[in-house]
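Worksheet: one structure, shown below.
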Amino acid sequence: MSYEENEFGVNICCSDNTVYTGDLLVGADGAYSRIRQTMQRQLEKKGLLRRPIEKQQQIPNYVCMLGVAQPGNPERYQCLKDPFVNFSSVMGGNGLGWNVINIPDDKICWSLWIQLDVSSLSQEVLLQDDEWTSKNNDKMISVFRRMPCPYGGTMGELIDATPPDLISKVFLEEQLFETWHHGRTVLIGDSCHTMLPGAGQGATNAMQDAVILANCLVELKDLKLNTIRFALEDFQEQRYRHARRQYLYSKMVSKLMSGQRIYEDTATYRPQVCFLPPTENRGSGYVLPQNNRQYSEDEAKAQVATLWGHSDEKTDIIDGDDETEVVIGGGALAHFADDS
Ligand SMILES: Cc1cc2nc3c(=O)[nH]c(=O)nc-3n(C[C@H](O)[C@H](O)[C@H](O)COP(=O)(O)OP(=O)(O)OC[C@H]3O[C@@H](n4cnc5c(N)ncnc54)[C@H](O)[C@@H]3O)c2cc1C
C-alpha cells in the first residue's frame with residue numbers, strides 16, 4: 001500500500017494495484033500503520049519531522065498471553081452463575097500479573113502479563129528470542145501455571161481448559177506520536193497513539209478520535225488543501241492532550257497491574273554532586289548512572305577548598321543540653337561530634 005497527494009486530492013494504491021482517489025486519507029490502520037510510516041517518510045524528506053524515524057521505533061514493554069477457557073464443568077466456577085461480568089486482576093509482583101473475566105456461554109477470558117525489563121534487553125534480543133514467539137507458549141504458561149486463579153483453583157486449570165487455537169500471545173507496545181496529520185492525511189487511533197491496555201483506553205480513544213475528527217470535518221466550507229489543513233490542526237489540537245493523558249494513565253495502570261515497577265521515571269533518577277562522596281544505595285531499586293565523573297577523595301577536598309576556602313575555625317553550637325562541634329570551612333568535610 002502506498003499513497004501520494006497533491007493540491008487537489010489523495011491517491012491510494014493498494015497491493016492488488018487498485019487505486020482509490022479522495023479528498024482526505026484517514027489512517028486508521030493500527031499500531032504498525034503504513035499510512036503513518038509513509039507520512040513520516042514524506043515529512044522527513046521535507047525536514048518537518050520533529051523526531052527522526054529511527055527514534056520513533058516502538059519498544060515492547062510487556063508480553064501478554066490471552067485465552068478463552070471453556071471449562072468442562074461450569075459448576076467449578078461460582079462466577080459463571082453471576083448475571084454480570086466479574087473482572088479480577090492479580091498484581092503478582094516481579095513483573096507478573098494476570099486477569100480473569102467471565103463472559104456468556106460459561107466461558108472465562110484470561111490474560112497473563114509479563115513486564116519486560118527493557119533496560120537490560122535490546123529490542124533485537126527481545127524480538128529474535130524464540131521464547132517470546134507464539135511457537136513457545138509453554139514456557140510462559142509454566143511461569144503462571146501454579147498461580148492462584150481469583151475464581152478458584154489455579155491459572156493452570158483454566159489454561160488447560162482453553163482450546164489451543166483460542167490462545168494468543170502479543171507484545172504490548174506503547175507510543176505517542178507527535179505529528180498526527182500532514183496535507184490531506186490524518187491519523188487516528190493506534191496509528192498515532194498506541195496505549196498499553198491496562199486501563200482499557202486504546203479502543204476508547206480511537207473512537208473519541210473518530211468523533212472529534214467528524215466534528216472538525218462536518219462544517220468544512222470547501223475541500224481546498226488549506227481548509228482541510230486547518231480542520232486537521234483543530235482535530236489534533238482538541239485530541240492530543242486528552243490522548244496524552246490517557247496514554248500516561250494507561251502506562252501507570254499497566255505497570256501497577258503487572259510489575260508494580262512504577263517508579264523508574266522518578267525514584268531511579270537520584271543525581272548527586274560529583275565532588276562529594278557518593279551516597280550509598282541502601283534500597284534494592286535500580287539507580288540511573290550519572291554522566292559526571294565522580295571525584296576522588298583528594299580531588300573532592302581540593303574542590304571544596306577552592307569553593308569555600310580553608311578554615312579550621314571551630315565553633316560551638318549549643319542545642320539544648322547537647323553540645324555539637326562543627327568544623328567550618330569545607331561543607332563536604334564538616335563533621336558533627338556528639339559530646340553527650
Ligand atoms: C491484549 C489487548 C487488550 C486490550 N484491551 C482493551 C480494552 O479493554 N479496552 C480498550 O479500549 N482497548 C483495549 N485494547 C486496545 C485496542 O485493541 C486498540 O487500541 C484498538 O483496537 C485500536 O483501534 P484502531 O482502529 O486504531 O486499530 P486496530 O484495531 O489495530 O485496527 C486497524 C485495522 O487496520 C487494518 N490494517 C492495518 N494495516 C492495513 C493495511 N496496510 N491495509 C489494510 N488494512 C490494514 C488491520 O487489519 C485492522 O483491521 C487492547 C489491546 C490489546 C493488545
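The values are calculated or read from the model by the stated rules, or taken from the named source; none is laboratory data. No experiment lies behind these values; they were computed from the predicted model shown. Using ideal geometry, Cβ is built from the backbone for each residue, glycine included, and neighbour counts are taken over all protein chains shown.
Structure values in brief
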item: Qualifying residues in region 94-113 (those that are within 18 Å of the chain's Cα centre (by Cα) and away from the ligand (no atom under 13 Å from the Cβ)) - the one farthest from Asn137 (Cα to Cα); result: Asn94
item: Qualifying residues in region 8-61 (those that are β-branched (Val, Ile, Thr) and modelled with pLDDT under 90) - the one nearest to the ligand (Cβ to nearest atom); result: Ile59
item: The one condition in (1) assigned to a helix (DSSP H, G or I); (2) under 17 Å from Cys64 (Cβ atoms) that Val170 fails to fulfil; result: (1)
item: Out of Gly152, Gly156, sole residue that is assigned to a loop (DSSP other than H, G, I, E, B) and under 29 Å from Met91 (Cβ atoms); result: Gly152
item: Residue within region 249-262 that is under 12 Å from the mean Cα position of the chain (by Cα), assigned to a helix (DSSP H, G or I), modelled with pLDDT of 95 or more and under 23 Å from Glu178 (Cβ atoms) present; result: no
item: In region 68-107, the residues that are among the aliphatic types (A, V, I, L, M) and in a strand (DSSP E or B); result: Val68, Ala69, Val90, Met91, Leu96, Val100, Ile101, Ile103
item: Inter-residue pairs, beta-carbon under 7 Å, first farther than 23 Å from Met65 by Cα and in region 180-199, second polar (S, T, N, Q) and within 8 Å of the ligand (Cβ to nearest atom), 6+ apart; result: Leu187/Ser33
item: Residue within region 185-195 that is of a type outside the set (Val, Ile, Thr), within 27 Å of Gly47 (Cβ to Cβ) and away from the ligand (no atom under 15 Å from the Cβ) present; result: no
item: From the options Asp222, Asp209, residue that is within 12 Å of the ligand (Cβ to nearest atom) and modelled with pLDDT of 95 or more; result: Asp209
item: Yes/no for Ser89 being outside the structural domain of Arg229 (by TED's automatic domain parsing), in contact (Cβ under 8 Å) with a residue 40 or more places away in the chain and within 23 Å of Ala206 (Cα to Cα); result: no
